[in-house]
1. Considering only residues that are in a strand (DSSP E or B) and in contact with a helix residue (DSSP H, G or I) (Cβ under 7 Å, 6 or more places away or on another chain), look in region A:253-262 and name the one that is nearest to A:G25 (Cα to Cα).
2. Among the residues of region A:445-456, is any among the acidic types (D, E) and near RNA strand B (Cβ under 9 Å from one of its atoms)?
3. Take the residues in region A:391-407 that are open to solvent by 10 Å² or more (accessible area, probe 1.4 Å) and more than 11 Å from RNA strand B (Cβ to nearest atom); name whichever of them is farthest from A:L335 (Cα to Cα).
4. Which residues, taken from region A:1-48, are hydroxyl-bearing (S, T, Y) and more than 18 Å from the chain's Cα centre (by Cα)?
5. May I ask you to list the residues in region A:147-173 that are farther than 18 Å from A:G183 by Cβ and either assigned to a helix (DSSP H, G or I) or modelled with pLDDT under 80 (or both)?
6. If we keep just the residues of region A:506-518 that are loosely packed, with under 13 Cβ neighbours inside 10 Å and more than 8 Å from RNA strand B (Cβ to nearest atom), which is farthest from the chain's Cα centre (by Cα)?
7. Quick check on A:G160: is it free of Cβ contacts under 8 Å to residues at least 12 places away in the same chain and farther than 30 Å from A:C75 by Cα?
Amino acid sequence: MDMDSIVSLCKRRGFLFQSSEIYGGLQGFWDYGPLGVELKRNVKEAWWRDMVSCHDDMNTLEGAPSPYSMEGLDCTIIMHPQVWKCSGHYDLFHDFMVDCKETKKRYRHDQLNGRWVEAKDKKVFVTAAAGDDELEVMTKRALKFYNLRNKNIDDLKWDGDSTCLTEIEDLSQVLGPDAKELGTLTEPREFNLMFKTYVGALSGEEGAAFLRPETAQGIFVNFKNVLDSTRHRLPLGIAQIGKSFRNEITPRNFTFRSREFEQMEIEFFCHPDESQKWYQFWRDRRVAWYNELGIDMKKMILREHTPDELAHYSIGTADIEYQFPFMAEGEFGELEGVSHRGDFDLRSHMEGKLDEKTNPLEVQLGEDGKPKWKGSGKDLSYRDNLTNEKYTPHVIEPSAGADRATLAFLCDAYRVDEQPDDKGKMQKREVLKLHPRLAPIKAAVFPLVKKDGMPEVAKDVYLKLKKDFKVFYDEKGAVGRRYRRQDEAGTPYCITVDGQTLDDQTVTIRDRDTLEQVRVKIDEVSNIVKERIEG
RNA sequence: GCGGGUGUAGCUCAAUGGCAGAGCUCCAGCCUUCCAAGCUGGUGGUGAGGGUUCGAUUCCCUCUACCCGCUCCA
């Protein structure tokens, strides 16, 4: 199975188009066509129903420590700029960063200075964080690198003054500020770029705002509102589906990495002592959800982050990943991340942005000794009215990509098999074996031939079904061709009016996957299709 | 971000410094009583801009998009 065939089918049948295609397209942006929009809506609706509106809050779900509540939310895309300062997104926005592959530390590209130095026939660029004692630090680091003693300090031949790392093009001879080896710094890169816009008529910096890079922050800043207006006790999950925007450097792989995309996120607030159990619950529950909707478990993995990948305040983060056809053998792409975020977010919005590196977490201070980014000052902690205990809840965050899930469902459903044609000869068939809940069109209605009054009866059946489902009517051409067209659209059921219908008011229902037909009464069609879709 | 490749009809692919072609699809009609290729007819195209040229889809440049590899992936 190759991605080109899937992309081709998506275009041909109207699942996905390139954005602004007539103008040459725009990198990282995609449009959903008539079938695609139905599919994606069904994905989102399945998530919302299963996680939120049909959630059973009376009973303890399998694997859960206790019953819990769920509510939904729909926040704006543009929020107060301070939100992104306290969330940490803003700091990562402005600047080019370099990462050290050896120490895993990250530096602002323009805040590292260095000097060329030569000794033992080797010339390197020694760096240090820009500051008052940088020359001293560089000297110490150079001595250590060349394995020289203080008394041999004159062996170091300096070439030029302290210069900014931004002046250096080739990083292979650069010694990172904390590294032991040369060339461990990555190329400078902007990441986590937020799209910037301006609120109000003035386009000055005072009106600067950002399109949200995630929906999660809207939930954190509304935590108290939701709690106060719903009278829920914890544990409580708050869910949101909505567009997010990230100015990705390298959008690629169809819709997998887009600059405008839709997220389905839950922030689950619970008592710190129970957060680990809830983390495990959500991780397993979310994997099971993809499975229930038909994703082949052999193509999915749950990848737990290793301890050194985790922020220290986090008990765990797991990526739910799918083996997309455009990825190399053995590689997977992230569909959803489930992470334990501790109280980092709520406290950052209360006290000011916390410093992820501190343990226990402390507010990150600016050069003036005051909080670098001031929080709201509002109390976002929780008082349990039964126990009278007051605490800042811990958060489990299952964060899924709606577009990635849609793409995974598409890829997973795509098959090419062989089925006989009207002469019994085997022919190639492209089919989307989508779960009936996700299928854009639930059923198609055909008259077997376009005469003998069959179209009239078929149209009646069509209009009846249309009250309940997205259905499609087609009377053109041979019936076999119509079946195949629906196979490509992923339509699970085709209802055919034939000669016998006119005698006994029955029709056949043809199954997309087995090609088997059953004959049922017209009056029962709607209920039978409904039963099959809901499984 | 770097290197390489590609861009011709809805799809798959031809051809050409001088009227751009096929198959499939699609549409209309005929035929057709259950799994696409029966008949007739029809619609429809050189990614964008600039240059060279009497004339450019073809040669050159720029842009753009997609694919592959590397890098990266909050």
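The values are calculated or read from the model by the stated rules, or taken from the named source; none is laboratory data. This structure is a prediction, so every number in the text was calculated from the model and none was measured. Reconstructed Cβ throughout: ideal geometry from the backbone, glycine too, with neighbour counts over all protein chains shown. Please note that ligands, DNA and RNA were not included when accessible areas were found on the heavy atoms of the full protein model with its side chains. Shrake-Rupley method; radii C 1.70, N 1.55, O 1.52, S 1.80 Å.
1. Within region A:253-262, the subset in a strand (DSSP E or B) is A:260-262.
Subsequent filtering for residues that are in contact with a helix residue (DSSP H, G or I) (Cβ under 7 Å, 6 or more places away or on another chain) retains A:261-262.
Details: A:F261: 16, A:E262: 20 Å.
By that ranking, first place goes to A:F261.
2. Start the filter on region A:445-456 by keeping residues that are among the acidic types (D, E), which leaves A:452, A:456.
Narrowing further to those that are near RNA strand B (Cβ under 9 Å from one of its atoms): A:452.
The answer is yes, given that some residue of region A:445-456 is among the acidic types (D, E) and near RNA strand B (Cβ under 9 Å from one of its atoms).
3. Taking region A:391-407 first, the residues open to solvent by 10 Å² or more (accessible area, probe 1.4 Å) are A:391-392, A:394, A:397, A:399, A:401, A:403-404.
Next, only the ones that are more than 11 Å from RNA strand B (Cβ to nearest atom) stay: A:391-392, A:394, A:397, A:403.
Numbers: A:Y391: 32, A:T392: 29, A:H394: 23, A:E397: 14, A:D403: 9 Å.
Among those that are open to solvent by 10 Å² or more (accessible area, probe 1.4 Å) and more than 11 Å from RNA strand B (Cβ to nearest atom), it is A:Y391.
4. The first filter runs over region A:1-48 and keeps only residues hydroxyl-bearing (S, T, Y), leaving A:5, A:8, A:19-20, A:23, A:32.
Residues satisfying the conditions are A:S5, A:S8, A:S19, A:S20, A:Y23.
5. A:N150, A:K151, A:N152, A:I153, A:D154, A:D155
6. In the first step, residues of region A:506-518 are kept if they are loosely packed, with under 13 Cβ neighbours inside 10 Å; the result is A:513-514, A:516, A:518.
Right, trim to more than 8 Å from RNA strand B (Cβ to nearest atom) and you get A:513-514, A:518.
Numbers: A:D513: 30, A:T514: 33, A:V518: 40 Å.
Here the answer is A:V518.
7. Values: free of Cβ contacts under 8 Å to residues at least 12 places away in the same chain: no; farther than 30 Å from A:C75 by Cα: yes.
Spelling it out, it is not the case that A:G160 is free of Cβ contacts under 8 Å to residues at least 12 places away in the same chain and farther than 30 Å from A:C75 by Cα.
One line per residue, one yes/no per condition, for (1) assigned to a loop (DSSP other than H, G, I, E, B); (2) polar (S, T, N, Q); (3) open to solvent by less than 40 Å² (accessible area, probe 1.4 Å); (4) out of contact with any helix residue (DSSP H, G or I) (no Cβ under 9 Å at 6 or more places or on another chain):
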residue	(1), (2), (3), (4)
A:L234	yes, no, yes, no
A:E248	yes, no, no, yes
A:P251	yes, no, yes, yes
A:M264	no, no, yes, no
A:W282	no, no, yes, yes
A:N291	no, yes, no, no
A:G294	yes, no, no, no
A:R303	no, no, no, yes
